[in-house]
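> Mind having a look at this structure? Questions to follow.
The values are calculated or read from the model by the stated rules, or taken from the named source; none is laboratory data. Everything numeric in this text was worked out from a predicted model, so none of it was measured. Note that we place each Cβ from the backbone using ideal geometry, even for glycine, and neighbour counts take in every protein chain shown. Calculation scope for accessible area: heavy atoms of the full protein, side chains included, ligands and nucleic acids excluded. Shrake-Rupley method; radii C 1.70, N 1.55, O 1.52, S 1.80 Å.
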Amino acid sequence: MTENGCRTLVETFCANVQNQERMIRQRALKDFLEYANRKLTPEEAPAIFDGTYLHILRCYADRFEMIRNLAITLIGELMDKLPANDFYLGYIVPVIARRIGQAEIIEESEEIRLQLLEQLEAIIRKYADPDGSAGDPLLKSYDNLIDILVKTLKDPYPAAQKQSCELVKLLAECTPSMHYRAEALVTPTSGVLKHRHSANRIAAVEALGVLSLNIHSNVEKAVQIIVDISPLLMDGVPFVRRACGRVGCLMLLKLRDRYSCFYRILPLVLNCLTDDTVEVREDILIRWREAGELYYKENEAELSKTKLIDKIPANYPQEYERPTLPCRAIVQRSMRIVNLVLHEMEEWKEDIRLHATKLLKLVILHAEKSFSTLFMEVNPVLCKTCMDSDKDVAAEALKVAQLCGILLEYDTWSKHALPEFKKFPTLGHLKCLNAMYQSAGWDRFKDLTKITSLLTDTDVCYQLKENYQLELLGFCEALTTDYHRVFTANEIEGLANEIDRVNMEQMLYTVLLKVAAFSYEDAQIVRDRALLVLAKLNPQTETLHQQHLANVINSLENLESSNSDAAESILLLAGMVFVCGFRQPYHGALKKALETALKHAIPQGKIKLFSSISIAMLRWHETMCISAEEQTVLLQDFIEDLISPYLVWAAGRSAESIRSMATACLCSMSQGVENAIFAALFPKELKTLAGLIEDNSIATRAYALRTLLAMDALDFENLKLIAFATVARLDDPSSEVREMAARCLGRLQLGAGGNDDESSSRARWEETLKPIISTMFLHLENPELKLRAAILESLSRLVVHHRSLIKGLANEVAVGCPYKKDLDNILSHQ
């Protein structure tokens with residue numbers, strides 16, 4: 001186009017674009033845009049721009065959005081054809097700054113704000129000078145660009161906000177002067193990290209990473225960037241977490257003062273190495289190794305010597321890949337990271353504690369033996385985390401403890417962990433110690449006795465919580481396995497001579513038995529597990545009881561105190577009776593302990609002991625493998641010293657309950673001891689039983705009558721004593737007692753004895769029995785089916801020896817009586 005033509009075109013455009021009519025201005029901009037797009041050459045562009053830019057830039061503030069849009073587009077077309085001369089920047093960038101770089105929002109249209117940012121991107125790319133060889137043209141407009149970004153990074157429009165983050169990264173690439181005001185962009189960029197769109201969060205993380213590289217003097221600002229990014233390591237979007245890891249690796253490679261900030265940067269990287277997403281782990285692992293390679297090059301003189309003696313630790317866990325030497329070296333020189341990790345492990349948020357625990361695992365995996373110096377500080381927090389309420393956190397803490405056992409020298413951690421456990425025998429300390437012990441190497445065998453001795457402490461084995469007991473049993477099982485490896489398999493040569501086998505076995509037995517004893521009532525899972533481990537210690541558990549139980553019983557403390565049913569000594573003693581029963585080798589010690597405890601315990605404690613005794617008595621014939629004569633002597637002493645004193649009537653509800661449980665012990669004895677042995681003991685207790693049959697307590701009466709079911713033939717005087725007391729119970733208020741009394745009447749049998757001859761005794765007995773049988777006949781009219789059945793059963797027994805008596809009484813019964821037929825059936829079958 002000729003010079004006159006250009007001038008005419010410019011004058012026409014300038015006139016039209018200033019017209020009051022919107023359509024005229026719009027048409028002028030469209031026509032000029034079409035001309036600039038199709039016909040304008042780069043040679044003509046400077047002259048055209050000089051003549052029109054003022055009018056076009058004025059349209060940036062036009063009240064119509066379409067006009068502003070066309071003006072911005074037109075300037076963009078002109079800029080594409082203008083030379084890269086910073087002269088033009090001085091006109092365009094300030095105008096953009098006035099529109100979107102002010103404290104208040106001037107440009108109300110979100111789309112126009114985004115368009116202006118895109119125009120800025122084109123300008124920055126056009127005037128890019130990364131190394132400053134062209135004089136850094138962007139420096140002239142640098143302040144305006146920063147002011148714009150400070151404002152637009154807070155733009156409520158997500159697309160504009162994301163574009164601003166991209167501009168931060170682009171500006172850092174295109175100008176060597178970014179460090180002048182890079183700090184001013186940190187705070188507004190950090191605000192984008194909380195945006196609901198993951199794309200914006202990713203862009204903000206990347207922008208902050210770039211900004212950290214351009215902060216040359218203020219290390220604290222770089223640390224602030226790391227602190228701001230760190231929460232996003234727990235972001236729900238994997239790509240956000242990956243961006244955090246990438247920024248961490250970027251800092252490890254390019255941050256100016258990176259060595260002093262390693263301990264701050266490492267969490268960004270190491271957390272991603274434990275990420276749940278495979279893609280994140282693999283991506284960051286590659287970059288982490290690149291950072292390690294750079295560190296190796298920078299410290300090759302030192303690390304090359306270490307490489308010569310570097311060996312894989314024994315028993316290295318197969319589920320982990322050992323980090324490279326330079327990566328381990330980075331972590332080993334940055335152990336200040338542990339203080340940050342420990343702080344976060346005690347946070348109230350579960351996800352923070354989980355990520356901190358995972359991070360500690362990675363630190364130990366990299367630090368290996370270098371971590372030994374920090375174990376004393378870490379152990380209390382790690383133990384607390386092992387019993388975290390969140391199962392995932394606790395599981396990770398146990399993995400950390402296992403790594404400590406593997407990678408740290410046994411002597412290093414044991415000299416801190418064992419005294420710490422003795423001082424604070426909590427569930428967390430127990431779990432941590434158990435995990436470290438089981439994962440440790442052969443050195444652990446030398447402390448078998450020492451560790452087992454710790455477990456026998458009352459603060460440890462007297463714990464009543466089920467989860468604690470199960471963990472303790474798991475530890476004991478591991479110790480039992482090692483015990484057999486030392487003494488049975490003889491895997492550790494020479495060690496068997498250094499450890500007292502009997503003492504070791506007794507300590508393990510003590511712990512296992514006490515746990516089983518404490519759990520005998522409620523926690524069947526714990527009791528079964530304890531007995532299972534006990535059988536693992538020695539399949540012949542009876543042998544263990546015979547060899548060691550007496551010592552355990554003799555070691556019980558506070559039996560002379562006024563113990564309740566919740567007292568540890570009562571729980572233990574009752575549990576031992578329940579679990580082990582009565583055996584001859586320790587019967588004396590057990591009887592003495594029971595006698596002492598019953599003498600001093602309050603009523604609730606006595607009741608618990610009698611309850612346990614009554615259950616164990618049911619197994620007497622299985623556990624007491626001695627002659628009948630010896631059993632008789634033991635039982636006689638047992639009854640006289642432990643049971644009879646508490647069968648005597650005493651006033652009060654507590655005394656009544658104790659009397660009931662003591663009677664229950666006699667009842668259990670009648671069922672658990674052989675009949676011939678119990679029959680020899682029975683006569684001495686008849687007078688007491690006769691009184692118990694008429695006790696106020698229903699339970700006492702029922703137990704006493706059930707005991708009578710085991711009676712054998714008696715002399716006349718004893719029979720008479722029992723018979724009338726028993727028949728009176730047919731009118732008892734309790735149906736159970738009535739039924740039991742009816743069954744007992746069938747056991748009334750005359751035996752030899754007394755001062756009278758046999759015929760005289762028989763006559764007197766039949767005379768006594770006559771009203772008893774008549775009373776039984778009367779109670780056959782009772783509507784209770786169980787009572788009638790019990791009476792008929794007893795009559796069937798009595799008719800064997802007293803047919804004529806019963807037949808005569810039966811004949812006196814009227815023919816229409818409802819039980820006449822039952823009596824005839826009894827007489828006909830005998």
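> Which residue, chosen from Gly691, Ile553, Leu57, occupies the Cα position most advanced towards the positive end of the dipole of the chain, where the dipole is computed from +1 (Lys, Arg) and -1 (Asp, Glu) charges on Cβ about the Cα centre?
Leu57
> A follow-up question, please. If r is the Cβ-Cβ distance from Glu630 to Val502 and R0 is 30 Å, what FRET efficiency results, to the nearest 0.05?
After rounding to 0.05, the efficiency reads 0.60.
> Let me ask something else. Keeping all protein chains in place and using 1.4 angstrom, which order do Met345, Met66 fall into by accessible surface area, from largest down?
Sorted descending by solvent-accessible area, the residues read Met66, Met345.
> What is the set of long-range amide H partners of His195 at a cut-off below 5 Å, with H atoms built 1.01 Å from backbone N?
none
> Of the heavy-atom accessible surface of the stretch 64-145 (probe 1.4 angstrom), what whole percent is carbon and sulfur?
The computed percentage sits at 49.
> So, for the chain, what is the accessible surface per residue at a probe of 1.4 Å, expressed in square angstrom?
Numbers: 37430 Å² over 830 residues.
With all protein chains present, the chain gives 45 Å² per residue.
> Report the local net charge at Lys514: Lys and Arg +1, Asp and Glu -1, summed over other residues whose C-beta lies under 13 Å from its C-beta.
Numbers: positive: Arg527; negative: Asp457, Asp459, Glu557, Glu568.
Within the 13 Å Cβ shell, the charges total -3.
> Based on Cβ point charges of +1 for Lys and Arg and -1 for Asp and Glu, what charge dipole magnitude is obtained for the stretch 479-637 about its Cα centre, in debye rounded to the nearest 20?
Details: 13 positive and 19 negative charges, 70 e Å.
So the dipole magnitude of the stretch 479-637 works out to roughly 340 debye.
> Treat the stretch 89-240 as a sphere of radius equal to its Kirkwood radius over Cα pairs and apply Stokes-Einstein at 20 °C in a medium of 1.002 mPa s; give the translational diffusion coefficient in µm²/s, rounded to a whole number. Intermediate values should be presented prior to the final figure.
Numbers: Rh = 15.5 Å.
After rounding, the answer is 138 µm²/s.
> Also, quick follow-up: What is the magnitude of the charge dipole of the stretch 433-569 about its Cα centre, with +1 placed on the Cβ of each Lys and Arg, -1 on the Cβ of each Asp and Glu, and no other charges, expressed in debye to the nearest 20? Please list the in-between numbers first.
Numbers: 10 positive and 21 negative charges, 66 e Å.
For the stretch 433-569, the charge dipole is close to 320 debye.
> Here are some values of percent of Cα pairs over 37 Å apart: (i) 66; (ii) 77; (iii) 70. Which one was computed from this structure?
Among (i) 66; (ii) 77; (iii) 70, the one derived from this structure is (i).
> Testing the spin-label approximation: label points 7 Å from Cα along Cα→Cβ at His621 and Glu521. State their distance in nm.
Those two pseudo-labels are separated by 3.0 nm.
> Classify the stretch 329-453 from the C-alpha gyration tensor, please: rounded if a/c falls under 1.5, else prolate or oblate depending on whether a/b exceeds b/c. Display every interim value, and only then the final one.
Working: a/c = 1.95, a/b = 1.26, b/c = 1.55.
Because a/c hits 1.5 or more and a/b fails to exceed b/c, the stretch 329-453 counts as oblate.
> Would you mind checking the tilt of helix 375-386 against the longest principal axis of the Cα atoms of the chain, expressed as 0 to 90 degrees and rounded to 10?
Tilt of helix 375-386: around 70 degrees.
> To continue, here is another question. With each run of n ≥ 4 DSSP H residues scored as -39500 (n - 2.57), what mean residue ellipticity at 222 nm is computed for the chain after dividing by its residue count and rounding to the nearest 500 deg cm²/dmol?
Working: 43 runs with 573 residues, N = 830.
The helix contribution divided over the chain gives -22000 deg cm²/dmol.
> Turning to a different aspect of this structure: Round to the nearest 10 and give me the degree value, 0 to 90, for the angle of helix 653-672's Cα axis relative to the longest principal axis of the chain.
The answer is roughly 70 degrees.
> Would you work out if the stretch 158-197 is rounded, prolate or oblate? Take a ≥ b ≥ c from the square roots of the eigenvalues of the alpha-carbon gyration tensor; rounded if a/c is under 1.5, else prolate when a/b is larger than b/c, oblate otherwise.
Working: a/c = 3.70, a/b = 1.67, b/c = 2.22.
Taking the square roots of the gyration eigenvalues as a ≥ b ≥ c, the stretch 158-197 is oblate.
> Using a probe of 1.4 angstrom, how much of the accessible area of the stretch 178-251 is carbon and sulfur, in percent? Could you put the intermediate results ahead of the total?
Numbers: 1500 of 2770 Å².
The C+S portion of the solvent-accessible surface of the stretch 178-251 is 54 percent.
> What ranking do 605-612, 107-114 get when scored by the average of other Cβ atoms within 10 Å per residue, highest first? Please list the in-between numbers first.
On the way: 605-612: 23.4, 107-114: 17.0.
The densest-packed peptide leads the list: 605-612, 107-114.
> Can you tally the net charge around Leu82? Count Lys and Arg as +1, Asp and Glu as -1, for every other residue whose Cβ sits under 13 Å from the Cβ of Leu82.
On the way: positive: Lys81, Lys126; negative: Glu43, Glu44, Asp50, Glu77, Asp80, Asp86.
Local charge sum for Leu82: -4.
> Let me ask another. Report, in debye and to the nearest 20, how large the dipole of the chain comes out about its Cα centre when Lys and Arg carry +1 and Asp and Glu carry -1 on their Cβ.
Working: 94 positive and 112 negative charges, 138 e Å.
So the magnitude is around 660 debye.
> Given a 1.4 angstrom probe, I'd like the percentage of the accessible area of the stretch 347-470 that is carbon and sulfur, rounded to a whole number.
Numbers: 2620 of 5080 Å².
C and S fraction of accessible area: 52 percent.
> At a Förster distance of 35 Å, what's the computed FRET efficiency of Glu293 paired with Val237, Cβ-Cβ distance as r, to 0.05?
Values: r = 29 Å, r/R0 = 0.84.
According to the calculation, E is roughly 0.75.
> OK, next. Among Arg706, Arg527, what's the order by accessible area (1.4 angstrom probe), most exposed first? All intermediate terms of the calculation are to be shown ahead of the outcome.
On the way: Arg706 85, Arg527 35 Å².
Sorted by accessible area, descending: Arg706, Arg527.
> Give the angle, between 0 and 90 degrees and rounded to the nearest 10, that separates the Cα long axis of helix 158-174 from the longest principal axis of the Cα atoms of the chain.
Roughly 60 degrees, rounded to the nearest 10.
> A further question follows. For a 27 Å ceiling on Cα separation, which of these pairs sit above it: Lys450/Lys514; Lys126/Lys162; Lys311/Lys431; Lys391/Lys465; Lys297/Lys358; Lys591/Lys720? Before the final figure, lay out each step's value.
On the way: Lys450/Lys514 19 Å; Lys126/Lys162 21 Å; Lys311/Lys431 30 Å; Lys391/Lys465 17 Å; Lys297/Lys358 29 Å; Lys591/Lys720 34 Å.
Check vs 27 Å cut-off fails for Lys311/Lys431; Lys297/Lys358; Lys591/Lys720.
> By the scheme Lys and Arg +1, Asp and Glu -1, what is the net charge of all other residues having a beta-carbon under 13 Å from that of Pro317? Don't skip to the answer; put the middle values down first.
Values: positive: Arg322, Lys361, Lys399; negative: Glu319, Glu321, Glu368.
Here the count lands on 0.
> Now for a separate question. Please report the accessible area of Ser761 (heavy atoms, 1.4 Å probe, ligands and nucleic acids excluded) in Å², nearest 10.
Here the accessible area works out near 10 Å².
> May I pose another question? Kindly provide the pair-distance distribution of the stretch 562-671 built from C-alpha pairs, with 10 Å bins from 0 and whole-percent values in order of increasing distance.
Cα pair-distance distribution for the stretch 562-671, in percent: 15, 52, 29, 5, 0.
> Still on this structure, please answer the following. Quick one: give the max-minus-min coordinate of the C-alpha atoms of the stretch 18-169 along each principal axis, largest first, in Å.
Result for the stretch 18-169: principal-axis Cα extents of 39, 37, 20 Å.
> Once you have a ≥ b ≥ c as the square roots of the Cα gyration tensor eigenvalues for the stretch 222-333, tell me rounded if a/c is under 1.5, and otherwise prolate or oblate according to whether a/b is larger than b/c. Working shown, then result.
Working: a/c = 2.35, a/b = 1.32, b/c = 1.78.
Since a/c reaches 1.5 but b/c is at least a/b, the shape of the stretch 222-333 is classed as oblate.
> Can you give the Rg to Rh ratio for the stretch 663-731, taking only C-alpha atoms and Rh from Kirkwood? Spell out each step's value before the answer.
Working: Rg = 11.3 Å, Rh = 12.0 Å.
Dividing the radius of gyration by the Kirkwood radius yields 0.94.
> Mind ranking Thr688, Thr175 by accessible surface for me, highest first, 1.4 Å probe?
Working: Thr688 50, Thr175 5 Å².
Sorted descending by solvent-accessible area, the residues read Thr688, Thr175.
> So how much accessible area does Met387 have, in Å² to the nearest 10, using a 1.4 Å probe?
Roll a 1.4 Å probe over it and Met387 shows about 90 Å².
> Roughly how much of Tyr35 is accessible, in Å² to the nearest 10, using a 1.4 Å probe?
Result for Tyr35: roughly 20 Å² accessible.
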